[in-house]
Amino acid sequence: MTSRTPCFGGNWKMNTRLEEALSLARSIDEGVASIEASVDVVLFPPLPWITGVAEVLSGCSVSLGGQDVSPHEDGPFTGQISAGMLLDSGCTHVLVGHSERRHGLDETNTLLNDKVLAALEAGLQVMLCIGETLEEREAGKTGQVVSTQVRECLSGVDQGSISRMTIAYEPVWAIGTGRTAEPTDAQDVHAQVRTQLAGLYDASIAQEIRILYGGSMKPDNAGELLQQTDIDGGLIGGASLHSDKFLSIINASTTQGSAE
Ligand code: PGA
């Protein structure tokens, strides 16, 4: 029997002003502190607010992550941020492969693999996003696209490091659109990813890795999604900008028994 602790990421994207970010972090932290069940929560604020949010979260159970990381360690890479810089700023986590970077900025699986390896090497925990576009789904290619993303992005990630990774399945057509995958359709993809992880690593490692769902997760659909056997939490965009909504999604995991 596995007992995966539910995990929730709040991806604020390019939203909030400083004061708003600090007070949002404060209220999320207060809400999480009052949850008795075991749950992991990570906030991904815009980069300029990282150190301020780190101060708010200092000594708290809520973790902090960057929304992106450079594949390089140091050097002439204007505008990029290294894994070491994220660590020095108080981050323990980083998002890699969000669809707004894959599709908006043409980031390839090869580049994302380099980012994953750089982040792991530096000691960060990585939340790797995968997911198909609407066109790919309609062409019946979801399984193939997702499995290629997993295989290529995890290339060179060894057994010792894979436990520092979380996978977030985010169908691109569900992100920020108000459309959510049917819980059973999402479950099918999550189960496929877990089976693939068992092949790449082994069955017990695959049972331990958290696979989150992302894409218009809201308080009113979270319960049904989190009830699925292989959905271990969520990566939340829009709803994470409202502490009440974000906390109510997190609370849904404590009442749904998703971590059996
Ligand atoms: P959404 O975003 O919850 O607003 O759909 C999810 C994400 O982009 O991670």
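The values are calculated or read from the model by the stated rules, or taken from the named source; none is laboratory data. Because the structure is a prediction, the values reported are computed rather than measured. Cβ atoms come from the backbone with ideal geometry, glycine included; neighbour counts cover every protein chain shown. All accessible areas refer to the heavy atoms of the entire protein, side chains included, with ligands and DNA or RNA removed. Shrake-Rupley method; radii C 1.70, N 1.55, O 1.52, S 1.80 Å.
Could you count how many residues in region 190-220 are outside any strand (DSSP E or B), within 16 Å of the ligand (Cβ to nearest atom), in contact with a helix residue (DSSP H, G or I) (Cβ under 8 Å, 6 or more places away or on another chain) and not hydrophobic (A, V, I, L, M, F, W, C)?
The number of residues fulfilling the criteria is 4.
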Checked region 221-240 for anything without any contact (Cβ under 8 Å) to a residue 60 or more places away in the chain, in a helix (DSSP H, G or I) and not acidic (Asp, Glu); matches are 221, 222, 223, 225, 239
Go through region 224-242 and report how many residues are within 16 Å of the ligand (Cβ to nearest atom) and open to solvent by 10 Å² or more (accessible area, probe 1.4 Å). 5
Does residue 89 qualify as being touching a helix residue (DSSP H, G or I) at 6+ places or on another chain (Cβ under 6 Å) and not acidic (Asp, Glu)? yes
Quick one: in region 174-189, which of the residues that are within 15 Å of the ligand (Cβ to nearest atom) and either open to solvent by 30 Å² or more (accessible area, probe 1.4 Å) or at pLDDT 95 or above (or both) is nearest to residue 227 (Cα to Cα)? 186
Within region 162-173, the residues that are more than 8 Å from the ligand (Cβ to nearest atom) and closer than 20 Å to residue 67 by Cβ are 164, 165, 166, 167, 169, 171, 172
What number of residues in region 139-161 are open to solvent by 20 Å² or more (accessible area, probe 1.4 Å), more than 13 Å from residue 192 (Cα to Cα) and either part of a helix (DSSP H, G or I) or within 16 Å of the ligand (Cβ to nearest atom) (or both)? 1
